[in-house]
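> Have a look at this one.
The values are calculated or read from the model by the stated rules, or taken from the named source; none is laboratory data. Everything numeric here is computed off the predicted structure, so don't read it as measured data. Cβ sites come from the backbone with ideal geometry, for glycine too, and all protein chains shown count toward neighbours.
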Amino acid sequence: MSGGFGAATTRAEALAKLTERFQNAALEEPGREARLLLCASCGFSPADLIAAPESPLGPASDRLNAFAARRAAAEPLSRIVGKREFWGLTLSVSPDVLDPRPETETIVEAAVALFVERRRDPLRILDLGVGSGALLCAVLSEFPAARGLGVELSEAAAKIARGNVDLCGLTSRADICVGHWTDGVEGPFDLIVSNPPYVMTSKIAGLAKEVRDFDPSLALDGGADGLDAYRAIIPASARILAPHGWLLVEVGAGQAPAVLAMAAQSGFLDCTVRRDLAGVERVGAARAAGNST
């Protein structure tokens, strides 16, 4: 029995041992982490755990040992199981893509609020730096007549995005291409969304281990001041947005004023910031001007 769990170990015993192990590893919410990992590795639900706590793990103990070692070393559970829930969708993730996080759902919330009167319109949507495809899939799930294009620099990430588009049943409405931001992309688009890399290069080494060691640097590194991606995205978006179309970008802590200033300088109107559920400034929103008269 390596790693502390054997076939005869009961679910309740495993839960207690996992909780203690994760406490020692300084994971946040060790009890919750233990329940999630136990269920994911052994293939039963939280309700099964409650209903039959004395059931032995059986052959699943080997998988639990492997999963527990990886989580104790700070590898996120989503990376271990290869899946992540985002906006009610179950998506595949890999080491080639940023792990989608709940705060990024603020972009989806903003899109729904801004286009509430156009939910059934055939909108054209662009996701710059599409990564896993989480954001594009979530937005398209809210706009059933819309079509979307995701642009991604990494071929490996684009492959994951294509797989998630298929998983979500959106193949007929979404295309994923490999490219650099808007190069070769033709508008107009009604909505452009992006969660670009925005961490200052000098700050990457100090990120939480779950991020620093497991998210791809391509999806994190925003250059010396963290704003390189916005310098490319914002002016280019102004050129390919439809009149009165919207640009929604995720921003890092303290970056909203600089990002919104760039948007204003590029001719955008109604430049505002939206906060996530924790009250953090999370999304820069800017509206394209109308047609000249």
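> In region 209-218, what residues are without any contact (Cβ under 8 Å) to a residue 24 or more places away in the chain and either exposed (fewer than 14 other Cβ atoms within 10 Å of the Cβ) or over 16 Å from the mean Cα position of the chain (by Cα) (or both)?
Scanning region 209-218 gives a single hit, SER217.
> Just checking, which of SER172, SER154 is out of contact with any Cys (no Cβ under 8 Å at 6 or more places or on another chain), within 20 Å of ASP99 (Cα to Cα) and of a type in the set (S, T, N, Q)?
Values: SER172 fails: within 20 Å of ASP99 (Cα to Cα).
After applying the criteria, what remains is SER154.
Residue by residue, here is whether (1) in contact with a His (Cβ under 8 Å, 6 or more places away or on another chain); (2) over 22 Å from ARG79 (Cα atoms); (3) surrounded by fewer than 21 Cβ atoms within 10 Å (Cβ to Cβ); (4) free of Cβ contacts under 8 Å to residues at least 60 places away in the same chain holds:
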{"position": "ALA138", "(1), (2), (3), (4)": "no, no, no, yes"}
{"position": "PHE143", "(1), (2), (3), (4)": "no, yes, no, yes"}
{"position": "ALA157", "(1), (2), (3), (4)": "no, no, no, no"}
{"position": "THR171", "(1), (2), (3), (4)": "no, yes, yes, yes"}
{"position": "ALA174", "(1), (2), (3), (4)": "no, yes, no, yes"}
{"position": "CYS177", "(1), (2), (3), (4)": "no, yes, yes, yes"}
{"position": "LEU191", "(1), (2), (3), (4)": "no, yes, no, no"}
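> Could I ask something else about it? Looking at region 9-28 only, could you name the residues that are at pLDDT 95 or above and not in a helix (DSSP H, G or I)?
Across region 9-28, the qualifying residues are THR9, THR10.
> State all residues of region 50-72 that are of a type in the set (A, V, I, L, M) and free of Cβ contacts under 8 Å to residues at least 12 places away in the same chain; if no residue qualifies, say none.
ILE50, ALA51
> Restricting attention to region 263-293, report how many residues are crowded, with 21+ Cβ neighbours inside 10 Å and part of a helix (DSSP H, G or I).
Total satisfying the criteria: 1.
> How do the strands (runs of 3 or more DSSP E) wholly within region 142-234 filter down when requiring 1 or more residues that are under 22 Å from LYS83 (Cα atoms) and aliphatic (A, V, I, L, M): which remain? First the steps, then the outcome.
Working: elements: 147-152, 174-178, 189-194.
In region 142-234, 147-152, 174-178 are the strands (runs of 3 or more DSSP E) which contain 1 or more residues that are under 22 Å from LYS83 (Cα atoms) and aliphatic (A, V, I, L, M).
> Among (1) surrounded by fewer than 18 Cβ atoms within 10 Å (Cβ to Cβ); (2) not assigned by TED's automatic domain parsing to the domain that holds GLU20, which single condition is PHE44 missing?
(2)
> If you don't mind, another one. Can you tell me which residue in region 1-38 is surrounded by the most Cβ atoms within 10 Å (Cβ to Cβ), limited to those that are over 25 Å from the mean Cα position of the chain (by Cα) and of a type in the set (D, E, K, R)?
ARG11
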